[in-house]
Amino acid sequence: MTALTLSTSSAATVRADAVVVGVAKGAKGVVVAPGAEAVDKAFGGKLAAVLETLGASGAEGEVTKLPAADGIKAPVVLAVGLGDAPAKGESYGHEALRRAAGSAARALAGAKKAAFALPVDYAGAAAAVGEGALLGAYTFTAFRGENGGNGKGAKGRKADAKSAPLGEAAVLGGKPRDKEFRAAAERAQVLAAEINRARDLINTPSNALDPKQFAAHAQAAAKEFGLTVEVLDEKALKKGGYGGLMGVGQGSQAPPRLVRIAHTHADAERTLALVGKGITYDSGGISLKPAGHNETMKCDMSGAAAVFAAVVAAARLDLPVNVTGWLALAENMPSGSATRPGDVLTMYSGKTVEVLNTDAEGRLVLADALTRASEEAPDAIVDVATLTGAMVLALGHRHFGIMANDDAFRTSIHEIAEEVGEDSWPMPMPGHLRKGMDSPVADLANMGERMGGGLVAGLFLKEFVGEGIPWAHLDIAGPAFHEGGPWGYTPKGGTGSAVRTLVRLAERTAEGDLG
């Protein structure tokens with residue numbers, strides 16, 4: 001992973017392969033952002049004019065490279081757009097800094113060191129730049145051959161070296177001896193590492209990450225970071241009556257798992273339970289997905305990946321709160337032993353569910369995990385899932401939806417998501433939609449009205465949350481897996497959506513603020 005350092009060096013004298021400066025869209029053209037004064041001086045105060053000549057506008061994510069002027073030790077200056085310049089007296093927002101740093105880091109793939117001379121006048125800004133750079137530098141190469149996968153020997157290795165992630169991101173203006181700056185940088189490193197852990201898991205193909213293998217990753221992390229872990233295999237799940245997990249997983253040769261992974265702290269006064277949907281591959285089961293909808297279904301465990309990463313982050317940050325992660329892991333496949341439409345499952349809660357659509361499987365595994373998590377009486381429960389295509393239709397590919405049984409809790413999570421730079425939107429839970437899940441043969445069905453399908457899924461999950469426990473449901477179906485070109489610090493493929501929100505929620509819970 002890319003190293004992150006703080007530096008008090010001048011942008012003109014720092015030794016690096018490139019110096020990154022920020023530019024913005026001002027009322028009269030390109031504006032050079034604070035932090036780049038020494039670079040602008042080397043260009044005779046005409047850096048903005050030079051960049052405009054090269055076509056730069058300061059638009060968000062825009063990258064312009066140019067040879068360094070005399071007086072700058074780095075050979076290359078990379079100007080990255082920050083978007084609209086803030087009003088006089090105001091600072092650039094953290095998300096603008098994250099995205100700019102991410103765009104720059106990706107553009108500098110193959111470089112050993114880059115110095116980021118972006119607007120950093122306090123610890124929070126330094127953390128945003130560092131976080132963005134580390135996330136933007138992310139690459140997934142686990143399944144590429146040693147020759148870059150192209151069979152071209154030394155030439156292939158040379159090409160692969162050029163696409164290697166940036167080696168070091170030095171944040172200029174950071175104060176390595178200042179306690180607040182050091183803590184902010186350390187948090188950024190942990191957060192980025194765990195988001196990238198989630199991304200790696202999401203990007204791993206399903207033939208290398210079935211429920212058992214996912215559980216093994218959790219066991220290895222637990223050993224490394226001092227977490228407690230318990231894995232229920234198919235025998236324990238069957239004996240324990242986990243009808244949702246068993247019903248979804250019974251069609252696959254890779255049986256399901258329920259993983260409990262927990263960070264505990266001696267000073268903790270509160271417990272937060274996180275539940276993640278971990279469908280390591282989703283074919284739709286007997287209700288097979290149509291052609292063109294199967295290719296990315298390795299990402300249907302993104303919720304479990306986010307929960308796993310958040311628990312590890314809480315441990316690495318030594319947060320004074322108990323955080324328990326529940327990973328509901330299964331593979332949804334069609335076979336002679338698979339659950340059929342019309343079958344009735346007896347869930348861990350004792351409720352019976354008529355399965356009308358085997359492709360509405362995420363809510364079934366989550367239901368068992370929510371009931372089990374409720375038994376420990378946590379102060380709050382949050383589940384995370386790539387649950388419904390309906391949520392993508394409602395909110396697009398960049399926002400996740402938030403539903404809850406408590407309005408204040410839902411608002412709090414929405415505010416936290418906005419604070420950390422994750423786009424979200426609060427969604428309602430209309431009671432009238434519950435009737436659509438009535439079943440003539442079971443307590444309820446796993447499907448209801450087609451319109452408002454994302455809301456119906458939330459109402460289904462609510463049925464399995466313990467009485468009196470604040471609960472929220474995050475449907476990350478839109479932002480969890482990015483199929484387009486990379487932008488800002490968002491790569492193609494797994495994104496690690498919701499990890500930042502969960503970690504900040506854990507921090508707020510430790511502070512006694514649950515909304």
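The values are calculated or read from the model by the stated rules, or taken from the named source; none is laboratory data. The model shown is predicted, which means the values in this text are computed figures rather than measured ones. Positions of Cβ are generated from backbone atoms using ideal geometry, with glycine treated the same way; all protein chains shown enter the neighbour counts. Heavy atoms of the whole protein, side chains included, go into the accessibility calculation; ligands, DNA and RNA do not. Shrake-Rupley method; radii C 1.70, N 1.55, O 1.52, S 1.80 Å.
At a glance:
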item	result
Cβ-defined net charge surrounding residue 98, 15 Å radius [Lys, Arg +1; Asp, Glu -1]	-1
Positive-end residue of 355, 412, 51, charge dipole of the chain with Cβ unit charges	51
Sparse-neighbourhood loop sites, GluC sites (Glu not before Pro) in segment 62-149 - DSSP loop, at most 13 other Cβ within 10 angstrom	90, 146
Percent of beta bridges antiparallel (DSSP, segment 1-159, rounded to nearest 5)	45 percent
Translational D in µm²/s for the chain (Stokes-Einstein at 20 °C, 1.002 mPa s, Kirkwood Rh from C-alpha pairs)	90 µm²/s
Alpha-carbon radius of gyration plus Dmax, which is the widest Cα pair, for segment 110-149 in Å	14.5, 43
Helix-only mean residue ellipticity at 222 nm for the chain, each DSSP H run of n ≥ 4 adding -39500 (n - 2.57), per residue, nearest 500	-10500 deg cm²/dmol
Mean Cβ neighbour count within 10 Å, used as a protection proxy, ranking 347-359, 284-296 highest first	347-359, 284-296
Fraction of antiparallel bridges per DSSP, segment 13-83 only, in percent to nearest 5	65 percent
Solvent-accessible area per residue, Å², over the chain with all protein chains present [probe radius 1.4 Å]	40 Å²
For the chain, share of DSSP beta bridges that run antiparallel, in % to the nearest 5	40 percent
Pair residue 140, residue 289: separation of 7 Å Cα→Cβ label points (nm)	1.4 nm
Percent carbon-and-sulfur accessible area, the chain, ignoring ligands, DNA and RNA, probe 1.4 Å	50 percent
³J(HN,Hα) computed for each position of segment 310-325 - Karplus, 6.51 cos²θ - 1.76 cosθ + 1.60, integer Hz, glycine/proline x	5, 5, 5, 4, 4, 5, 5, 8, 6, 5, x, 8, 8, 10, 10, x
In segment 204-347, lysine pairs closer than 15 Å at Cα, eight or more apart or cross-chain	5
